Every structure is written in structure tokens, then in C-alpha cells.
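Working notes for the structure below.
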Amino acid sequence: MTAEYRGSKKDDGEFGREQISQVLHTKWAAGNLFFHEVTGSTNTDAALLGRKGAPHGTLVVADQQRSGRGRHGRVWESPAGSNIFMSILLRPQIPADKAPMLTIVMALALAEGISDLCDVQAGIKWPNDIVINKHKICGILTEMHLNGDGSIADVVIGDGINVNTESFPENIRDMAGSLLTETGKKTDRNLLVAAVMRHFEEDYDAFCEAVSLAPLKDAYEKKLLNRGNIVRVLDPAGEYTGTAQGITETGELIVERDGREIFVNAGEVSVRGLYGYV
Ligand code: ATP
């Protein structure tokens, strides 16, 4: 799998714990920072640290994952030397049913961090894929762990960001892209981790104070590529099309269909453009 990638040597300077720490300007995000040259999955690492009592804001970063995961057991391609794989451990004081909204908070922070640092407008495909020129640059996997009484023990949010990869395996070649393929420029991965953490910390604090996406909704919708477009909703109960209008303050996609508004919940559903991925 890895052999199919070009650009698999270190191609943007050293990426590591020291280098990230030097450029990090946050109050709590990534305050406790782990770095692995290679690991199985940073989400699994962060979950393990969570069980051992690691503090809110702990961040695990890796240069390569051997078993990177997406939603529903899908694979996240995670070759060495050019991308970012990172997972943050959070201990939000909110009801468990509000936690899925955190994936939207992270999507916004990623789009903001990338747009700041890379001089490119990163868009969001609802709910949480980061897209440039119709190519998926980044995926997010959010996993929650509960206490026996149903309260949140922790939430782990993992980001896989294609940064300086030049090409992709056959199965994802048409839909995937990297910051390098889309902008023509290499990006310093340490700076990008720091930029995303800075935005995430701010967005997360606003979300937790409101226990709602209300303070972030406008910023998110400005980056929402589906807005005003026809989308295909791949619902296991039956596929349908409609026009995406925006999101609710709880993160559902508002789709207008036959003059009626439908509130689409991310859970089991995937959304596509009429003719392709976006
Ligand atoms: P959907 O839009 O179908 O709901 P998703 O956002 O739930 O997708 P993820 O779990 O984020 O999907 O990502 C897994 C999918 O992303 C894989 O099935 C594959 O198609 C694609 N993929 C895997 N690795 C990469 C990568 N490095 N870059 C871009 N896309 C990838």
C-alpha cells in the first residue's frame, strides 16, 4: 500500500514533538503532547491514554499509521513521511448526546487552520471532510467513551491530513488530494498542527460554553461547499436528493426536498454531490 505513494521520504523538514512544541501557542490544546514515527492508530493511542487518566487536551501525533481508520471500519491511507495523523483527547462537561457536534467543531478548525497557513480556501463537505478543488484533503474520526452512568469519560477526535503527498493509491486517486497537489506548495507540518490546535481550542471553548453550534454556525456555513447545491443523501433507508440549505445549531444538514425541509443526521448517512463526491 505504502509503496504506491511518491513523496514518502521526509520532504518538509523535521516533523516531531520538539518542533511542534516550539510553534504551539495554545492554552490547553496539545498541552500534553506525544509523537510517534509510526503507530497503529492515533485514535487508539489517545483512547488508551484516556483510560489511564491523561488530561483534557492531550494530543497524539504520528508520521505514519499502520492501521488508520475511517468511519464504519473504513481504511484511512496513512503512509510515512508527508502527512499528519493526530488525535486529541477531550473531556467535555456536556451531555453525551451533544458530543457528535464536536466533529463539526473540528472540521471548522481544520478548514480555518489550513486556510490561514496555506493561502488557499479549504471548504467543508458536510459534516466533516475538508475539500479543496473537489478533492478530499482530510478526514475526521470522532469516537466517544462513556462512563457506566452514561456520562462522557472522554471523546477522541482524530484527523488525517494529506499534506505533502504527491500521489494516491488507485482506489482513492480520483477523490483524494493533498495540500501539495492542490496548491503546488509544500507545507510545514509542525506549523499546521499548531494552527489547527489554535483554532480548535477557540472553537471548542465557544461550543462548550453555548453547548451548541450557534456561535460557529455562520463561520461553518461560509465554508460549507454543499450549501445551495443539490446533494444525494445516501440513507440506508433509501437514497434521495435535495438542495442543501445549511446546518442547524445541532449540526444536522438542512436539505430542501419538494418544498419541505429535512434535517439530516450524520450518523449512518453519507452525502454526495449530484454527479460526484462533492
Ligand atoms: P462518507 O462521505 O462516505 O461518509 P466519511 O467521511 O465517513 O465518508 P471517512 O471515514 O472520513 O469517510 O474516510 C474513509 C474513506 O476516505 C475511505 O473509505 C476512502 O474512500 C477515503 N480515504 C482513505 N484514505 C484517504 C486519504 N488518505 N485521503 C483521502 N481519502 C481517503
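The values are calculated or read from the model by the stated rules, or taken from the named source; none is laboratory data. Predicted, not measured: the structure shown is a model, and the values here were computed from it. Cβ atoms come from the backbone with ideal geometry, glycine included; neighbour counts cover every protein chain shown. Each accessible area value is taken on the protein alone, full model and side chains, heavy atoms only, with ligands, DNA and RNA left out. Shrake-Rupley method; radii C 1.70, N 1.55, O 1.52, S 1.80 Å.
Descriptive notes on the structure:
- When +1 charges are put on Lys and Arg Cβ atoms and -1 charges on Asp and Glu Cβ atoms, the dipole computed for the chain relative to its Cα centre reaches about 400 debye.
- Rolling a 1.4 angstrom probe over the protein heavy atoms with all chains in place gives the chain an accessible area of 44 Å² per residue.
- Separation of the alpha carbons by more than 24 angstrom is noted, of Lys136/Lys217; Lys98/Lys134; Lys134/Lys185; Lys136/Lys222; Lys52/Lys217; Lys27/Lys134, for Lys98/Lys134; Lys52/Lys217; Lys27/Lys134.
- Cα gyration tensor, the stretch 226-273 - rounded (a/c under 1.5), prolate or oblate: rounded
- Computed over protein heavy atoms with a 1.4 Å probe, the carbon and sulfur contribution to the accessible area of the stretch 48-130 reaches 50%.
- The simple Förster model, with R0 at 22 Å and r as the Cβ-Cβ distance, assigns Arg91 and Glu268 a FRET efficiency of 0.25.
- Shape call, the stretch 145-267: gyration tensor on alpha carbons, a/c limit 1.5: oblate
- Span-rule helices in the chain, defined as complete DSSP H runs reaching 18 Å or more along the axis (Cα) with Kyte mean at least 0.5: 102-118
- Annotation for the stretch 179-256: GluC sites (Glu not before Pro) lying in DSSP loop with at most 14 further Cβ atoms inside 10 Å of their Cβ are Glu239, Glu249.
- Taking 7 Å steps out from each Cα toward its Cβ at Glu209 and Ser21 produces label points 3.0 nm apart.
- From the alpha carbon centroid of the stretch 148-208 to that of the stretch 237-273 is 24 Å.
- Cα gyration tensor shape for the chain, rounded if a/c is under 1.5, else prolate or oblate: oblate
- Lys52 paired with Leu146, simple spin-label distance in nm, labels 7 Å along Cα-to-beta-carbon: 2.7
- Structure-based [θ]222 nm, the chain - -39500 (n - 2.57) summed over DSSP H runs of at least 4, per residue, nearest 500: -7500 deg cm²/dmol
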